[in-house]
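*Asks:* My questions will all concern the structure given below.
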Amino acid sequence: MDDSYLYGLLPLDAPDDDPRWRQYLDVFRLTLLDEPAGDAQTEFFRRNRRADDARLAMITTRTHLGDAVVGGCSSVVGRYNAGAEDVATLIINTIGVNPAHRRRGLLRELMTQQLRQAKADGIPFATLSASEATIYGRFGFAPSTRIGEVKIDVKRFKLRPTAPVAACQVEWVEPAFLAEHVDRVVDAFHARQLGSVRPYARTKMEIVGEWSGEAQGPAKKLRAIAHFDESGQVDGFATFEHTGWEPPRRVKVFSLFGSTLAVELALWQALASMDLIGELGFYTQPGDPLPLALADERAMEVKDFGDWTWLRILDLPAAIAARSFERDGEVIVRVEDGLGLTDGVWHITVLGGRGSAVPTDEAPHVALDVAELARIWESNDSPVALAHVGRVEGEPGAIRDFASLFYRAEPVRNLTGY
């Protein structure tokens, strides 16, 4: 990035009429080929960024039209269930560069500054969702969860007799009713679900209907159901919209959280019991227990899985300490990191299911890029398979031992999008 560009931050306390708010948001909307930001979009962006105490990194320059924001990276600090600990993670919501200013190092400057600052702040992980698959690997990110679009035929929907289904009451409620219950229910889901990233302010605003991407304002068609436990407290909810009367008369489910799996299944059962509909639409992940709970698994049709969220390790000792392991062992790993955040040779030891990583001068057993380490972190891909295509190096026995140490049978699920 040359000297004609200036890296800085858009302050959250900048006045509402500061033109940089709209310029900043428009960088992202232009990148994603959306319509220019209007007053409603800008106000919602400003409100949710302040609620999340976001970090709004930006790059400005002088153009033929005057001083302008031409690059931005919006991030918040969230919580990630790494297994052994619930730890901080940098959630990169959106990053983009005005097309007229690409290929000048602006994206690299934005990403590098954000990741290095996060590590300096003691944050061991970063996560994002990727609009293009080839961009973020060079910054050390790799897919950590996958997602597929689901169609559920409600006429064939039936849970197996052995499936746990919470027996208490489900009620249809206004989405706004959920406002005082969302945090408690989400926290219970997040605490029990490996790989979960806790939803943040923008997500909550969408759950309770304060904002709809389709309506570009308050949700007009959103409906909700809530599950109540024996004491009358909400312990699960789902939000959805009816998409029209043309066959198959579809209901699109936007969110579904339960404090337990039994509550989740009770919510699905209630949704599938609605009159006049033929199909439920949702998104599922490989760790979703719903298809295994169905008497007829073909009632649920899943399209091909694609990447959902991507992970980046910023501080290897802190990340290893937070991760859960299912077996003890040790391995010496050479991690290559182009940004220098985790680069080096590390002696990883797991004892009693808790891990540690210390730098060492010993000869490594296995060598891989930090992006490949992120790829195996949630056991999505095997180091053995990656070695077959040259993405992990080492003797076959050492790679199998490495794979065994990092393997976890417990599936991951993350319901939070960015």
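The values are calculated or read from the model by the stated rules, or taken from the named source; none is laboratory data. What you see is a predicted model, and the numbers here were worked out from it, not measured in a lab. For neighbour counting, all protein chains shown are included, and Cβ atoms are generated from backbone atoms with ideal geometry for every residue, glycine included.
*Asks:* Quick one: Gly122 ticks every box in (1) over 25 Å from Asp26 (Cβ atoms); (2) assigned to a strand (DSSP E or B) except a single one, so which number is it?
*Replies:* Gly122 satisfies every listed condition except (2).
*Asks:* Go over the candidates Gly78, Gly105 one by one and state the one that is in contact with an Asp or Glu (Cβ under 9 Å, 6 or more places away or on another chain) and either of a type in the set (S, T, N, Q) or at pLDDT below 95 (or both).
*Replies:* That would be Gly105, the only listed residue that is in contact with an Asp or Glu (Cβ under 9 Å, 6 or more places away or on another chain) and either of a type in the set (S, T, N, Q) or at pLDDT below 95 (or both).
*Asks:* Residue under question is Thr89, and the condition is that it be among the β-branched types (Val, Ile, Thr) and surrounded by 21 or more Cβ atoms within 10 Å (Cβ to Cβ); does it hold?
*Replies:* The answer is yes for Thr89.
*Asks:* Next up: Considering only residues that are in contact with a helix residue (DSSP H, G or I) (Cβ under 7 Å, 6 or more places away or on another chain) and not small (Gly, Ala, Ser), which ones fall in the range 394-412?
*Replies:* Ile399, Arg400, Phe402, Phe406
*Asks:* Please work out which one of (1) surrounded by fewer than 19 Cβ atoms within 10 Å (Cβ to Cβ); (2) of a type outside the set (Val, Ile, Thr); (3) more than 30 Å from Phe240 (Cβ to Cβ); (4) touching a strand residue (DSSP E or B) at 6+ places or on another chain (Cβ under 8 Å) is the condition Ala385 fails and give its number.
*Replies:* (4)
*Asks:* Moving on. Being out of contact with any strand residue (DSSP E or B) (no Cβ under 7 Å at 6 or more places or on another chain) and farther than 22 Å from Leu115 by Cα is the filter here; which residues of the range 49-78 pass it?
*Replies:* Hits for the range 49-78 are Arg62, Thr63, His64, Leu65, Gly66.
*Asks:* Can you tell me which residue in the range 388-418 is nearest to the chain's Cα centre (by Cα), limited to those that are surrounded by fewer than 17 Cβ atoms within 10 Å (Cβ to Cβ) and small (Gly, Ala, Ser)?
*Replies:* Gly417
*Asks:* Another question about this same structure. Which one is modelled with the lowest pLDDT, of the residues in the range 45-67 that are more than 15 Å from Ala14 (Cβ to Cβ) and hydrophobic (A, V, I, L, M, F, W, C)?
*Replies:* Leu65
*Asks:* Take the range 142-163 and flag every residue that is in a strand (DSSP E or B) and not small (Gly, Ala, Ser).
*Replies:* Matches in the range 142-163: Pro143, Thr145, Arg146, Ile147, Glu149, Val150, Lys151, Ile152, Asp153, Leu159.
*Asks:* Out of the range 147-169, which residues are touching a Ser or Thr at 6+ places or on another chain (Cβ under 9 Å) and surrounded by 17 or more Cβ atoms within 10 Å (Cβ to Cβ)? Steps first, please.
*Replies:* In the first step, residues of the range 147-169 are kept if they are touching a Ser or Thr at 6+ places or on another chain (Cβ under 9 Å); the result is 147-150, 154, 157, 164, 166.
Ile147, Gly148, Val150, Val154, Phe157, Ala166 - these are the residues of the range 147-169 that are touching a Ser or Thr at 6+ places or on another chain (Cβ under 9 Å) and surrounded by 17 or more Cβ atoms within 10 Å (Cβ to Cβ).
*Asks:* How do the strands (runs of 3 or more DSSP E) wholly within the range 274-337 filter down when requiring 3 or more residues that are buried (at least 17 other Cβ atoms within 10 Å of the Cβ): which remain?
*Replies:* Passing ranges, in order: 279-284, 306-313, 329-336.
*Asks:* I would also like to ask the following. Scan the range 383-406 and give yes if some residue there is of a type in the set (Gly, Ala, Ser), assigned to a loop (DSSP other than H, G, I, E, B) and touching a Phe, Trp or Tyr at 6+ places or on another chain (Cβ under 9 Å), otherwise no.
*Replies:* no
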